[in-house]
Amino acid sequence: MIEINETIAAIVTPLGESGVGVIRISGPEAFSVGDAIFQSNVATPLKMRQDRSIQYGHIVHTDGTIIDEVLLLLMQGPHSYTAEDVVEIQCHGNRYVLQHILNLVLANGARLARPGEFTQRAFLHGRIDLVQAEAVMDIIQAKSSRGLTCAEEQLEGRLSKTIQEVRVALTDFITRLEVMVDYPEEDLEEIEVKDISAALQNIQVLLAEMLKKSQTGKCIRDGILVAINGVPNVGKSSLLNCLLEEERAIVTDVPGTTRDVIEEWITIQGIPVCLVDTAGIRQTEDKVEQIGVLKAQAYMDKADIILIVLDSSRSLSHEERDLLMQQQQKPCVVILNKTDLAPVIEADDIAVYGLPIISISAGQGTGISELKQAILDMIMDAGLQGERSVLLANTRHIDLTRQAKLSIDRALETVHAGLPLDLAIIDIRAAWEALGAITGQTVGEDIITEIFSRFCLGK
């Protein structure tokens, strides 16, 4: 059982040297704990002082030794992050000082908070729903400005509002259908089959659209993996350096220079992209290079997008033809590199493989903006450029939305087949419960505990 009657505490700023460190205390005894360790020129107990005020004083050990000069931020529930009484101690950001003060807090009645427990209490007290709670962690872990915007919109409740509107419609629908089924003798307004079908189809379309956008949402939140592949000496490492705008990878004219995997992050119009430079694909007797080739092939298997780099100044090799054939079933861009040299391969020569082609010169830095746009086009579906789109970005949300849509699909099949409405009600209720699990209204305690266990300590 989730316990919310205890007073909890934790350091909420990263450990290390900094100007300021913060310790948060939350729960019914938060002010009493503060009184036990805090001294100021005012004798009034913290509970009696002005709400949302800042108090100046010192943290003092039981023997009277001053630990640090601090500020105390006082917040009375429910007007706090956790909706409980909260005291936040702002001290100097020295690891020893923070730990010493935390030990005093714990010795005076608080216990150490579990990962995510402050946010969990905000959820349990109804200040935020589960979508908003998960958005808190997304804000902390955002890899790009667009990912941060997406998380902030979740925290504002935009997705929650959409989910709640659908659930209200389903609730009304379930109620009316159940009355019709349970009390057929009553003179009640009946819902015609065409009205049932139309209403369910509207919800079906909305959920389908949300799922369609979810791939973009996941890309914004988690980023995408782009593997740079090709045979040795085609300019893969030079391309990586161009995209990063720094000399990250070693570039030489010696085949097989890159033997291990190099990973670096960039953002393309707010989308986080993990670029992976891999070893050149070729047959080799070098055991170290063989391992690099195997890693390159593994990254091709798990990459979201593959960039196959070709040297336009030399003919296609058998390995390159095989690479092009293998990637026809996966998002892939063919990079015709070294266009500053006399061309041997033209775009028309490889058009037969049906893959998009971008001509660049990594040495001269030309064509890079066109390549970035091509990558972006593969990520973003038409119509998703608007800033106000509601995006599913969390895997849990996507899975539950998919379950809800499948239930609506089955309910529609039942209605269209002319089967008893009781069967349709079962599926409609399943959709209602799946959507409720997104916001936390129909989710079990074990799931709640598991979700918050992923949070960082102090949040």
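The values are calculated or read from the model by the stated rules, or taken from the named source; none is laboratory data. Bear in mind the structure is a predicted one, so any value in this text is a computation, not a measurement. Glycine gets a Cβ as well: all are built from the backbone with ideal geometry, and neighbour counts include every protein chain shown. Accessible surface is based on the protein model in full, side chains and every heavy atom, while ligands, DNA and RNA are left aside. Shrake-Rupley method; radii C 1.70, N 1.55, O 1.52, S 1.80 Å.
Averaging Cα coordinates gives a centre for the stretch 391-413 and one for the stretch 302-317; these two points are 38 Å apart. Remark: the Asp399-Asp422 segment gains 5.7 nm on full extension, using 0.36 nm per residue and subtracting the alpha carbon distance.
For the stretch 126-177, just say rounded, prolate or oblate: build the C-alpha gyration tensor, square-root its eigenvalues into a ≥ b ≥ c, call rounded for a/c under 1.5, and beyond that prolate if a/b exceeds b/c, oblate if not. Verdict is prolate for the stretch 126-177. Of the DSSP H helices in the chain, those that are both long (alpha-carbon extent of 15 Å or more along the helix axis) and hydrophobic (Kyte-Doolittle mean at least 1.0) are 95-107, 130-141, 421-439. The Cα center of the stretch 160-176 and the Cα center of the stretch 30-109 differ in position by 45 Å. Less than 10 Å Cβ to Cβ from Ile59, Lys/Arg counted +1 and Asp/Glu -1: what total charge do the surrounding residues give? Combined, the nearby Lys, Arg, Asp and Glu give -2. Amide H contacts of Arg111 (H built 1.01 Å from N, in plane; Pro and chain starts excluded): Thr7, Ile8, Ala9 sit under 5 Å, all sequence-distant by 5 or more or on other chains. Here the calculated FRET efficiency for Ser197 and His58, from their Cβ-Cβ distance with R0 = 45 Å, stands at 0.05, rounded to the nearest 0.05. Evaluated at 4 °C with a viscosity of 1.567 mPa s, what Stokes-Einstein diffusion coefficient in µm²/s does the stretch 1-79 have when Rh comes from the Kirkwood expression over alpha-carbon pairs? Translational D for this selection: 94 µm²/s. Measuring with a 1.4 angstrom probe and ignoring ligands and nucleic acids, Ser80 comes out at about 10 Å² accessible. Charges were assigned to the Cβ only: +1 to each Lys and Arg, -1 to each Asp and Glu. The resulting dipole of the stretch 6-128 about its Cα centre is roughly 280 debye. From helices alone, the chain scores -14500 deg cm²/dmol at 222 nm; the rule is -39500 (n - 2.57) for each run of n ≥ 4 DSSP H residues, then divide by the residue total.
Straightening the chain between Gln99 and Thr162 buys 18.4 nm, computed as 0.36 nm per residue apart minus the Cα-Cα spacing.
Ignoring lysines fewer than eight residues from Lys194 along the same chain, the ones with Cα atoms less than 27 angstrom from its Cα are Lys212, Lys405. Averaged over residues, the count of other Cβ atoms within 10 Å places the peptides 220-231, 135-146 in the sequence 220-231, 135-146, highest first. Work out which GluC sites (Glu not before Pro) in the chain are exposed loop sites (DSSP not H, G, I, E or B, at most 16 other Cβ within 10 Å) and give the longest gap free of them. Looking at the chain, 18-184 is the longest stretch - no exposed GluC sites (Glu not before Pro) with at most 16 other Cβ atoms within 10 Å. Stretched out straight at 0.36 nm per residue, the stretch from Glu3 to Gln441 would grow longer than its current Cα-Cα span by 155.8 nm.
For the stretch 95-143, the Kirkwood estimate of the hydrodynamic radius, built from every pair of different alpha carbons, is 12.7 Å.
For the chain, the dipole from Cβ point charges (+1 on Lys and Arg, -1 on Asp and Glu) about the Cα centre works out to 1020 debye, to the nearest 20. Between the listed residues Phe118, Ser26, Leu71, the Cα displaced farthest toward the positive end of the dipole of the stretch 6-128, a dipole computed from Cβ unit charges relative to the Cα centre, is found at Phe118.
The calculated FRET efficiency for the pair Lys295 and Thr267, based on their C-beta separation and a Förster distance of 35 Å, comes to about 0.90.
Histogrammed with a bin width of 20 Å, the alpha carbon distances of the chain distribute as 20, 35, 33, 11, 0 percent, first bin at zero. Restricting attention to the chain, close to 65% of DSSP beta bridges with both partner residues there are antiparallel.
Between Ala351 and Ser145, what is the label-point separation in nm under the 7 Å Cα-to-beta-carbon projection? Going by the 7 Å Cα→Cβ label model, 3.8 nm. Counting only protein heavy atoms and a 1.4 Å probe, the chain has 48 square angstrom of accessible area per residue. Surface composition of the chain: carbon and sulfur make up 51 percent of the accessible area, probe 1.4 Å. The distance between label points at Met48 and Leu211 comes to 6.2 nm (points 7 Å beyond Cα on the Cα→Cβ vector).
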